[in-house]
Amino acid sequence: MSLAAPRRLALAVTALLGACSHHDDPQARITAPAISVGSALAGVQTVARMIEDFPRSLDPQLTTDIPAQRVLDDLFEGLVTLDIDGRPIPGAATSWQLSADGKTWIFHLREGARWSNGAPVTAEDFLYSWRREVDPKTGAGYAQALSPIVNAMDIALGRKPAETLGVEANDAHTLTVHLVAPTPYLLELLDQVYLYPVYRPAIERYGDDWVRPEHIVSNGAFALHEETIGNRITLSANPYYWDAARVHLQSVVYYSIPDRAQAVLRYLAGDVQFTDSFAASQRPWLKRTLGEQVVNSPWLGIYMLGFNFKLPPFRDNAPLRRALNLAVDRAALTRALKYDMYQPADTLMPPLSGYQPQHPPWAASSQLERNALAQRLYREAGYSREHPLRVNISTPVQGADERHYFEAVAAMWHAVLGADVSLDESEFRVLVQNRELHLLPLYQAAWIGDFPDPVNFLQLFYSGNALNYGLYSNAHFDALLDAAAQEPDNAVRYRLLEQAEQQLNDDAAYLPLYYYATRHLIKPYVQGWHSNLVDRNLSRYLYILEHQGS
Amino acid sequence: MLRYILRRVLESVPTLLLIVTLAFVLLHAAPGGPFAADKPMLPEIRRSIEARYHLEEPLWRQYLRYLADVLHGDLGPSFQYRNTSVNQIIAAGFPVDVSVGLSAIAVALLLGIPIGLNAAWRRNSLWDRIPMALAVAGISLPVFVIAPLLVLVFAVRLHWLPAADWVHGSPSHLVLPVLALSLPYIAYVARIVRGSALEVLASAYIRTARAKGLPTRRILLHHTLRPCLAPVVSFLGPTTAGVITISIVVETVFGLPGIGRFFVTGALNRDYTLVLGITILYGTLIILFNLLADLCYAWIDPRVRLES
């Protein structure tokens, strides 16, 4: 059975001009996409995008969910913003200088930057917003992300007042940021939504209601036009945006469609033109039906299993952790159960330019060799077919696709080692609580990087980090991360982080399974996006070509 | 009559209180808290958020505080949707559920009653067998099968109707969800009406009417219909409350911003106030529609005495 595929466009899209210069300096990157040659813009410039859930809030400091990030990327703009390839470029700031020790950054704000009510965007706005983020009274869920800034952690832990944050507004257009240590990834951090500026008068006047369409003031390419809770959010072009002349879209509608199959149906019906997700099991069919409209590309995230280092059977048992690592045929799993949508992972860091991936030694051997080694290590760990390992894999309650994946992992361990492994599903909120309390020996873990830097992944194993659910602790690893944190030269820093990752692999500190991939359906007439590692496609660059049908 | 209504309303107060208390205790007893998140919060920040929602207080005090707020018409802030109150969520979503739910009930009655009556009148003919076979299919096919099929046919393939979404005052957005929701109820109503009509048609006064030579139309509409409605009404009472509220599948498939979905996600996310607020609303609706059904019942069948 074949469904009516959206009619193909009678368009001669010949070539996409090089949209960005590949210059190393973010301040010199060109932002706007070139319009495809041989095509005309559609008269109505509007796009409907699907998000997987309704944003928990449109307050930049109060949200950490991806649907909110999508909308906030259009509503607000940080000191730096993202180019079409997801790399930092000047946003509310036009330029910046870095002190010799790498610990002080001075940002020069754009003279023409305006809020959606016409008021100028000033350094004071950023100061207010960042203090708000770290102030415990705000209740920001991810305040620790600002830890590179002087005093940020002490403020978030309630030890110092918010006014002591290491940020100064020297004048209306100059902002100085003092850092605890050189932070070469500061620009990548600055384009996170929780560092977007918020408009103080609106918050002081309307309290929690400041995010309602009638009250909100924002500084991005779009303004909030309408919101139907649980259903859709409509944005309209912000005429006060400093680069409004180069924004093509007049409006953007975000539909919250939590059901993936439903999102596909609505895409086929032409209701939405840019979706955020589809089920892996639908991929082969979608590829056949929609061809190039199915977009998968590497995404900065890893799916893995975590070991608890304080609980049996994994405590002080490296051979067992290694055996389990070796006996999983990742390639077969991703091929058969993920339909080649994801890449199998043998180490923590997804591929990142400039960083040398630290594949463990077994990555070079065949699965048969790995299985043989696994059996040996399994015996060394004190288990056998007569005395098998009995353990549960703790996962959240999930769809059949995910369940089958872990059933297959358990079956592989049973076939190769004779281990007796079953699935233990619990509600997501229960799983995260038990994980936080370190109650689970073996659990599903996943990490989508906040920004493309290895330290964002490696911190998951740093002693004392709240995200270190497995309580892994290795003095050498911690020392390498500490040394990297003080290293201003990024190349040297990367070498230290590579050693740290290698240490994790030597310890079999986790069990990598696959790297995430973006999953979009995008109509051919929606242009002005490039697949990128952080999977952020700002609507500011999008435009609609003339087309027939939906 | 008024005394009866007043008594029923007063009786519903302890019932509602019991529902709220049970829901409150069960929610707080469930493992996992509203702020257990993928990225754990710093302790000071968690304390600040918990203080904001009074979660640090002993449970009995939280309970009394909640009851006092509810009596003042305030269902509290949502835990899951920061910046949004439960009142705002219900005010936005409930009218959608009411429009779709009541339209579905109306369609079920408008189609179900004539189909049932006709089937009973032409018993064992094709007019009886085909609709009744379809009715069995309508009852057995779950909404989550029918609804996507409707979208596939009418939106994706034929492009006649929008696949989903909700636009205030747009009838075309109402058609598919109402159809999907009403199909099983058309079938139920048709079968109930057919069953009771068969009994009525076999009774002596209908035989007399036919012997007098009254036209079929008059016999069916005037003499048969009213007694047939009694079982429909007792079916409709609790059903209407259910149709208005528990249409989560229809909400999901058609992207309707109703409150059914919030009820489920609220429970999964331990959004205590949101779940309690919707529970109170559902409880009130069920009590209300049962009362309405009893009143209608007395009106249709004069032998029923309300006071008894």
Report summary line: So the FRET efficiency between A:ASP401 and B:HIS28, C-beta based with R0 = 41 Å and rounded to 0.05, is 0.80
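Ratio of the protein assembly as shown's C-alpha Rg to 2.2 N^0.38 Å, to two decimals? Could the numbers behind the result be given before it?
Values: Rg = 30.8 Å, N = 858, 2.2 N^0.38 = 28.7 Å.
Normalised by 2.2 N^0.38 Å, the Cα Rg of the protein assembly as shown equals 1.07.
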**Report entry** Mean residue ellipticity (222 nm) of chain B, computed from DSSP H runs ≥ 4 via -39,500 (n - 2.57), nearest 500
**Finding:** -23500 deg cm²/dmol
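Any chance you could list the semi-axes, whole Å, largest first, of the equivalent ellipsoid that the Cα gyration tensor gives for segment A:332-456, using √(5λ)?
Working: eigenvalues 122, 100, 49 Å².
So the three semi-axes of segment A:332-456 are 25, 22, 16 Å.
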Report task. Calculate how steeply helix A:400-417 sits against the longest principal axis of the alpha-carbon atoms of chain A, using the helix alpha-carbon long axis, and give the answer as 0 to 90 degrees to the nearest 10. Result -> 30 degrees
Report summary line: Per principal axis, largest first, the Cα atoms of segment B:132-228 extend in Å by 54, 29, 21
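Counting only heavy atoms of the protein chains, get the accessible area per residue of the protein assembly as shown (1.4 Å probe) and round it to a whole Å² value.
Using a 1.4 Å probe on heavy atoms only, each residue of the protein assembly as shown averages 41 Å².
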Query - Geometric extent, Cα atoms of segment A:29-150 - Rg, Dmax (angstrom) - result: 17.3, 55
**Report entry** Cα Rg, Dmax (largest Cα-Cα span) when computed across chain B, Å
**Finding:** 23.9, 86
Report task. Quick one: plug the Kirkwood hydrodynamic radius of segment A:106-256 (C-alpha pairs) into Stokes-Einstein at 4 °C, 1.567 mPa s, and report D in µm²/s. Result -> 78 µm²/s
Requested in this report: Per residue, how big is the convex hull around the C-alpha atoms of segment A:380-432? Give it to me in cubic angstrom, could you?
Outcome: 77 Å³
Query raised in the report: Based on the Cβ-Cβ distance of A:HIS387 and A:ALA364, what FRET efficiency does E = 1/(1 + (r/R0)^6) give at R0 = 35 Å, to the nearest 0.05?
Result: 0.65
Query raised in the report: Say R0 is 45 Å: what FRET efficiency, to the nearest 0.05, do B:ALA91 and A:HIS476 get from their beta-carbon distance?
Result: 0.20
Query raised in the report: So, in Å, what gap is there between the alpha-carbon centers of segment A:475-524 and segment A:361-405?
Result: 24 Å
Report summary line: Normalised Cα Rg of segment B:254-308, dividing by 2.2 N^0.38 Å with N its residue count, works out at 1.68
**Report entry** segment B:211-250 - convex hull of the alpha-carbon atoms, volume per residue in Å³
**Finding:** 87 Å³
Query raised in the report: How far apart, in nm, are two points set 7 Å out from the Cα along the Cα-to-Cβ line at A:GLN250 and at A:ALA100?
Result: 5.7 nm
**Report entry** Label-to-label distance, nm, for residues given as A:ARG495 and B:LEU268 (7 Å Cα→Cβ offset)
**Finding:** 4.8 nm
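Rounded to the nearest 500, what is chain A's calculated 222 nm mean residue ellipticity when only DSSP H runs of at least 4 contribute -39500 (n - 2.57) each, over all residues?
Numbers: 15 runs with 147 residues, N = 550.
After summing the helix terms and dividing by the residues of chain A, the value is -8000 deg cm²/dmol.
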**Report entry** Peptides ranked, highest mean first, by Cβ atoms within 10 Å: ranges B:58-71, A:371-384, A:279-292
**Finding:** A:371-384, A:279-292, B:58-71
Query raised in the report: Which residues, if any, in segment B:12-31 have at least 20 Å² less accessible area in the whole protein complex than in the isolated chain, probe 1.4 Å?
Result: B:PRO31
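Loop-only check: which trypsin sites (Lys or Arg not before Pro) in segment A:46-140 are DSSP coil with at most 12 other Cβ within 10 angstrom? Display every interim value, and only then the final one.
Numbers: sites: A:ARG49, A:ARG56, A:ARG70, A:LYS103, A:ARG110, A:ARG114, A:ARG131, A:ARG132, A:LYS137; in loops: A:ARG56, A:LYS103, A:ARG110.
When the trypsin sites (Lys or Arg not before Pro) of segment A:46-140 are filtered for loop state and at most 12 Cβ neighbours within 10 Å, nothing remains.
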Requested in this report: Provide the three semi-axes, in whole Å and in decreasing order, of the ellipsoid equivalent to segment B:13-170 as defined by the square roots of 5 times the Cα gyration tensor eigenvalues.
Outcome: 47, 22, 16
Query - Convex hull volume of segment A:214-292 per residue (C-alpha atoms, cubic angstrom) - result: 119 Å³
Query raised in the report: How long is segment A:398-550 along each principal axis, judged by its Cα atoms, biggest number first, in Å?
Result: 59, 46, 31
Requested in this report: Show which lysines lie in cross-link reach of A:LYS338 when reach means a straight Cα distance below 19 angstrom and same-chain residues fewer than eight apart are skipped.
Outcome: A:LYS287
Requested in this report: Give, in nm to one decimal, the length gained when the segment between B:ALA133 and B:LYS212 is fully stretched (0.36 nm per residue of separation minus the Cα-Cα distance).
Outcome: 25.0 nm
Query raised in the report: Taking the Cα atoms of segment B:167-308 alone, what are Rg (to one decimal) and Dmax (as a whole number) in Å?
Result: 20.1, 66
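Counting residues in segment A:304-395 as N, plug N into 2.2 N^0.38 Å and put the Cα Rg over that result.
Relative to the 2.2 N^0.38 Å estimate, segment A:304-395 comes out at 1.19.
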Report task. Could you tell me which trypsin sites (Lys or Arg not before Pro) in segment B:216-308 are loop residues by DSSP with no more than 10 other beta carbons within 10 angstrom of their beta carbon? Result -> B:ARG303, B:ARG305
Report task. Determine the share of segment A:453-544's accessible area contributed by carbon and sulfur atoms, expressed in whole percent, with a 1.4 angstrom probe. Result -> 54 percent
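Under the rule that an exposed site lies in a DSSP loop and has at most 14 other Cβ atoms within 10 Å, name the longest stretch of chain B with no GluC sites (Glu not before Pro) of that kind, not counting the sites themselves.
Here the longest segment lacking exposed loop sites spans B:57-306.
Can you pull the mean other chain C-beta count within 10 Å for peptide A:266-273?
Mean inter-chain Cβ contacts per residue within 10 Å come to 6.
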Report summary line: Rounded to one decimal in nm, the spacing of the 7 Å Cα→Cβ label points at B:THR21 and B:ARG61 is 2.1 nm
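The values are calculated or read from the model by the stated rules, or taken from the named source; none is laboratory data. Note that the structure is a prediction, hence the values are computed from the model and not measured. Virtual Cβ from ideal backbone geometry, glycine too; neighbours counted across all protein chains shown. Please note that ligands, DNA and RNA were not included when accessible areas were found on the heavy atoms of the full protein model with its side chains. Shrake-Rupley method; radii C 1.70, N 1.55, O 1.52, S 1.80 Å.
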